[in-house]
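Please read the structure below before turning to the comments.
None of the figures in this text is laboratory data; all of them are computed from the coordinates on show. These numbers were taken from a predicted model, which means no experiment stands behind them. Neighbour counts are summed over all protein chains in view; Cβ atoms, including those assigned to glycine, are modelled from backbone coordinates with ideal geometry.
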């Protein structure tokens, strides 16, 4: 009975994770098209220069406690209460530190306009700190549907605000305001649907108990954000706003692709792994099943995005962003493996191995930073190619540590991944050559999507893919 209940929770979580992330990416796409047509690469570059500071501050406010709370066998009110007051206090102090550091940030990029923009944009991470515990409560209890509704409502409202401001000439301020409105609405909504409420009586004892685990996740998240936003910093320092804007545009489309899959799987992976942590064989089966599902979805989605990138960018946000299309093609190939890496890291976290997660990420970040600085004179495309290659190769390092935890050998993992990777590569290659002579950009994009989707679906069905059949069966049952 317990097995069936967990399966039902996992399936429901994946379903609502797909609804949530699919809706998120659709809304991001819709509003991103409007904003991309109205705003310039320089506008995106202005906000992009600040992204890494907001993300690092956000990691400091959360401090890894969401994962720590999800990993605890039993969570009491005092645990939630301690984290709430701790993260809120830290965030309040951090905002004022960044407020007074805004001139230094502007000097680093040699852009005085960043001072007021930074002070306005950084309000977002303080507001989001107030929603950390309600979000942690929903995450721990696999309340994916409730989180989905909150996210969709926040995205829709903030998108309308952002587009309206951009249309009325507020340039980069429209992007900063859109982000702030999104965070405010999301935080408000999770408070409304979460039954937990803070009390004024609290103790640091639960913080001390979780700190050993959560502190490693904190530093890991910081380095992850550095890794993900390395280009924005390097390009902003050595190139200019336009280059930052072009890269950020490509990176945002890439993020929309892989986060749809990562969010869907990541929303259930760690809680599920944590619940069966004392059942090794069951955990291996669950991991491999999720690995097959992730590969089944990720390879066609991300390689397909790379295939249609030039047409997609040109049709959606005009040819002024065409330089970002080539960057997107490279990033999307590397992005194929990001959801798989996310599954590996969720397994390690569920095992309490936040130290492995930390040092692995730190090593990867340092390596990427060194390589980017060395390759900076050779141009953006060279840097992006090497960056993506390093991320793909590092999957083998992640697998080594997962193997040590659950004894999953590399051959087993490759058997789960390679069939879907091979089918997707063959399908995209055939589609590229089959549509090579089409000149009309709209017809070309439609043909690529139709041929690739039809072939991939047909081949996986004819090959008897159990993952494909399970997905179809669940959707029919849901219907």
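Shown is the FRET efficiency for residue 466 and residue 193, computed with R0 = 25 Å from the Cβ-Cβ distance and rounded to the nearest 0.05: 0.10.
Cβ crowding within 10 Å ranks 193, 133 as 193, 133, fewest other Cβ atoms first. Dividing the mean sequence gap of close Cα pairs (under 8 Å, 6+ apart) by how many residues the stretch 105-193 holds gives a relative contact order of 37 percent. Taking each residue as 0.36 nm, the span from residue 443 to residue 78 lengthens on full extension beyond its C-alpha to C-alpha distance by 125.5 nm. At full extension, residue 110 and residue 319 could sit 72.4 nm farther apart than now, given 0.36 nm per residue minus the alpha carbon distance. Taking the average, over residues, of other Cβ atoms within 10 Å as the packing measure, peptides 309-315, 344-350 rank 344-350, 309-315 from highest down. I'd like the FRET efficiency for residue 99 and residue 389, computed as 1/(1 + (r/R0)^6) with the beta carbon distance as r and R0 of 41 Å, rounded to 0.05. Given R0 = 41 Å and the Cβ-Cβ separation, E is 0.55. Between residue 411 and residue 434, the distance separating the two model label sites (each 7 Å from Cα on the Cα→Cβ line) works out to 3.5 nm.
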